[in-house]
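Peer 1: Structure below; questions to follow.
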Amino acid sequence: MKLDKTFESHLTSEWRQQYVNYEELKNLLHTALENAPNPRDKNVYDVYCQNFNDEFYAKLTTELKRVNEFFEYKMAEARRKHATLKVKLLYIKGQSEANVTGAVKGLPPLADQPRNLRKLDRAYAEFYFSLVLLNNYQQLNYACFFKLSQKCRKYFPTSNGPRWIQSTLDVTPLNIDGVELREMISEVEDLFTQYITDGDRGKAMEKLRVPPLGQPTSMGYVFSAGVFMGLFIVSIVVCVISAYILFSNTKQFFIFTRLFRGSFLLMLYGFSVVANVYVWQSMGINHVLIFDLNPRNQTECLKLLSTASFFGYVCVLAMLLFIHHKEFGVRDPFYIPLVGLVLPVALLINPVHIMNFPARMWILQCFGRILAAPFCYVHFADFWIADQLGSLVQCSVDYYQLIRFYVRYSMDRENTFDFEPDAMVSVLRCLPAWFRMAQCIKRYRDSPMKPASYLVNAFAYGSTLVVGVISTIQMETSDKYQSIFENPWTWGYLVGTLVSTIYCTAWDLLQDYGLFKVWKGKNIFLRKRLIYPKWVYYYAILADLSIRFFWAFEVYLIYNNLLLPNNIKTLYSICEIKRRFIWNTLRLENEHLYNCGNFRATRDIYVSALNSRDELLVKNLLDESRRNTEARRDSNATKVTHSDSPPS
């Protein structure tokens, strides 16, 4: 593979700005070659080559200095982390031996030893991953500098190239400390094998090693995704045509939509998440780091597409069976929609290691922390999923009403086909806002800086809760008035919704998207750093504004009897899923840029604080490491000096 493709596919996106400007320097070489005078005019050509060589190697040296500064910074960070984890490992293993001795003597075991060992297991695995990334950084940059020097020598014959490599490139920390870095990687493997996995090296490397970058997706997932997607497309076309032809009766169509709308919205949302993951991976946004996922077991786009297509295909088959139940000899078609309710639950809690088992367990863990929002530490994934629930309110309401329908249907009650809202519907509409408000308050309490932005965000979700309560009262009292505008609660609902909408829209655009940082120039109303094309951001602004204010359009349609409330809710739910797709796209981009600004490419796993004795041990290990590094650099400098000295 050419270095250009290797460079782009193997670089760490959070460190992109810290790599050598390979493309720029390569283009500089090509431009100089095109503008070079005729080699036949030897004097002019030699002067041109010499001047360009001096200019080019000066730029190359400047780039090398910048790359070296970042590499030295990350190496110092790695040495400190390595020494800290080594001390922690010895301390925890000392605790373990003390527990064994204490058990023999009848003493109680030391607390939290297994828990700290599990944390150390994760911390070492993440540290190993960071060393692998740093090793890739060192090798890629060294290869780029070497290749550029070779290209310059090829295009403009001179002795500067080999001399620059030997006297400048090879004596820098980028080359010398690379040896130390690889020794550190080997030492981590040995320590992990000896102390964490009790000598089982195969098990240790299974936990430590990360799949190679650019690894192709399994052909099984490619095949299943293609098959299910093809079947889904064909079946959805047949379903739309059948529903249009057969459901001439408005009441029949109403019952059909109420029974299947929940599964349809969940199906639509599933495909939007697949599209989100595809966009993130295509644009180099590290969603694995942002969601605190294990990079050794990533959920690829085709795996998600396979699951989403399977669920969509089964749901559409259930719709077709409901529509054509007479042709298939089904006497009672009203139990068919149960498929759309049971299948997602079965897929989510299925203990078998199929259908993205790690991703499903990750979602369940996030759900558990969301339900305990005021008491659990809030991760990014927790409030991200809680925000997703806010866009799936209608889906959860439809599933609840479907369950209520089956309870009434089994009891043969007269109001079986009435899908009127009740108190539980109001609770379901308010729950996502409550989860997010509780998470914001929890984050404020846990943060040592006590940023006011958490409370401001909590107020936004609190306003949504107030609107939900007022909306419930307005619906309960609407029968007492001939017109909705005669009801005073309607005006309270309109004012509350207007305030909440303005507040939430401003938060979306300013905080979640990070826009309106620039007020003039080519990026007007946007920000300095952009990953997507500019039109995406302007479209996102317009889409967010229009969908956030959809409620005003809804009031107009209902007041003038232009559309049934059920159809309006269906239309709004589809628009809200589209808005959530845009929000996911830009929210993770904004978080990714924050990680890039802090050069954060791996997860931070806290084990426990160091005491004064541990700090002294870490200091001694760092001093020893520094002496070894200095000795290695002095030895390398001596070799270069001897090689440069003339023969006697």
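Peer 1: Pick out, from L317, S248, M75, the residue whose Cα sits farthest towards the positive end of the charge dipole of the chain, with +1 on the Cβ of Lys and Arg and -1 on the Cβ of Asp and Glu.
Peer 2: Looking along the dipole axis, the top candidate is M75.
Peer 1: Separate question: How do I547, I524 stack up against each other in accessible area, from largest to smallest, with a 1.4 angstrom probe?
Peer 2: Listed by decreasing accessible area, they come as I524, I547.
Peer 1: A further question on this structure: Hey, got the dipole for the chain? About the Cα centre, +1 on K and R Cβ, -1 on D and E Cβ, debye to the nearest 20?
Peer 2: Roughly 440 debye for the chain.
Peer 1: For region 323-469, which whole percent of the accessible surface, found with a 1.4 angstrom probe, sits on carbon and sulfur atoms?
Peer 2: Whole-percent figure for carbon plus sulfur exposure: 69.
Peer 1: Suppose R0 equals 25 Å. What FRET efficiency, 1/(1 + (r/R0)^6) with r the Cβ-Cβ distance, do N43 and S167 give to the nearest 0.05?
Peer 2: 0.35
Peer 1: Separate question: In nm, to one decimal, how far is the Y539 label point from the R296 one, both placed 7 Å along Cα→Cβ?
Peer 2: 4.0
Peer 1: Right, another one. What FRET efficiency would be calculated for the residue pair S186, N136, taking the C-beta separation as r and a Förster radius of 22 Å, to the nearest 0.05?
Peer 2: Working from the Cβ atoms, E equals 0.85.
Peer 1: Separate question: Choose one of W519, C504, S463: the residue whose Cα lies farthest towards the positive end of the charge dipole of region 431-524 (beta-carbon charges +1 Lys, Arg; -1 Asp, Glu; about the Cα centre).
Peer 2: W519
Peer 1: Turning to a different aspect of this structure: According to the square roots a ≥ b ≥ c of the eigenvalues of the Cα gyration tensor, what is the shape class of the chain, taking rounded for a/c under 1.5, prolate for a/b larger than b/c otherwise, and oblate for the remainder?
Peer 2: Note, shape of the chain comes out prolate.
Peer 1: How far is the Cα center of region 530-581 from the Cα center of region 373-418, in Å?
Peer 2: 22
Peer 1: Probe of 1.4 angstrom, ligands and nucleic acids ignored: what's the accessible area per residue over the chain, in square angstrom?
Peer 2: It amounts to 53 Å² per residue over the chain.
Peer 1: Follow-up. What's the magnitude of the charge dipole for region 352-443 around its Cα centre, counting Lys and Arg as +1 and Asp and Glu as -1 at the beta-carbon? Answer in Debye, nearest 20.
Peer 2: 480
Peer 1: OK, next. In nm, to one decimal, how far is the N566 label point from the E72 one, both placed 7 Å along Cα→Cβ?
Peer 2: Placing both labels 7 Å beyond Cα along the Cβ direction yields 7.2 nm.
Peer 1: Right, something else. Using helices alone, what [θ] at 222 nm do you get for the chain, with -39,500 (n - 2.57) per DSSP H run of 4 or more residues, divided over all residues and rounded to the nearest 500?
Peer 2: -25000 deg cm²/dmol
Peer 1: Once you put a point 7 Å from the Cα of Y244 and another 7 Å from the Cα of H325, both along the Cβ direction, what distance in nm separates them?
Peer 2: Once both label points are built, they end up 2.5 nm from each other.
Peer 1: Oh, and also: Given a 1.4 Å probe and every protein chain left where it sits, what share in percent of the accessible area of region 497-605 is carbon and sulfur?
Peer 2: About 66 percent, which is the carbon plus sulfur part of the accessible surface.
Peer 1: Right, something else. Straight-line reach from K207: which aspartates and glutamates fall under 18 Å, measuring Cα to Cα and dropping same-chain residues less than 8 apart?
Peer 2: D121, E126, E187, E189, D190, D198, D292, D604
Peer 1: Could I ask something else about it? Leaving out ligands, DNA and RNA but keeping every protein chain, what accessible area does S218 have, in Å² rounded to the nearest 10, with a 1.4 Å probe?
Peer 2: About 60 Å², rounded to the nearest 10.
Peer 1: Can you find, among L133, L392, Y532, the residue sitting farthest towards the positive end of the charge dipole of the chain, where Lys and Arg contribute +1 and Asp and Glu -1 at Cβ?
Peer 2: Looking along the dipole axis, the top candidate is L133.
Peer 1: Follow-up. Can you list the equivalent-ellipsoid semi-axes of region 429-470, largest first and in whole Å, using the square root of 5 times each Cα gyration tensor eigenvalue?
Peer 2: 21, 10, 5
The values are calculated or read from the model by the stated rules, or taken from the named source; none is laboratory data. Keep in mind that what you see is a predicted model, and the values were worked out from it rather than measured. Cβ: placed from backbone, ideal geometry, glycine included. Neighbour counts: every protein chain shown. Ligands, DNA and RNA are stripped out before the accessible areas are found, and what is left, the full protein with its side chains, is counted by its heavy atoms. Shrake-Rupley method; radii C 1.70, N 1.55, O 1.52, S 1.80 Å.
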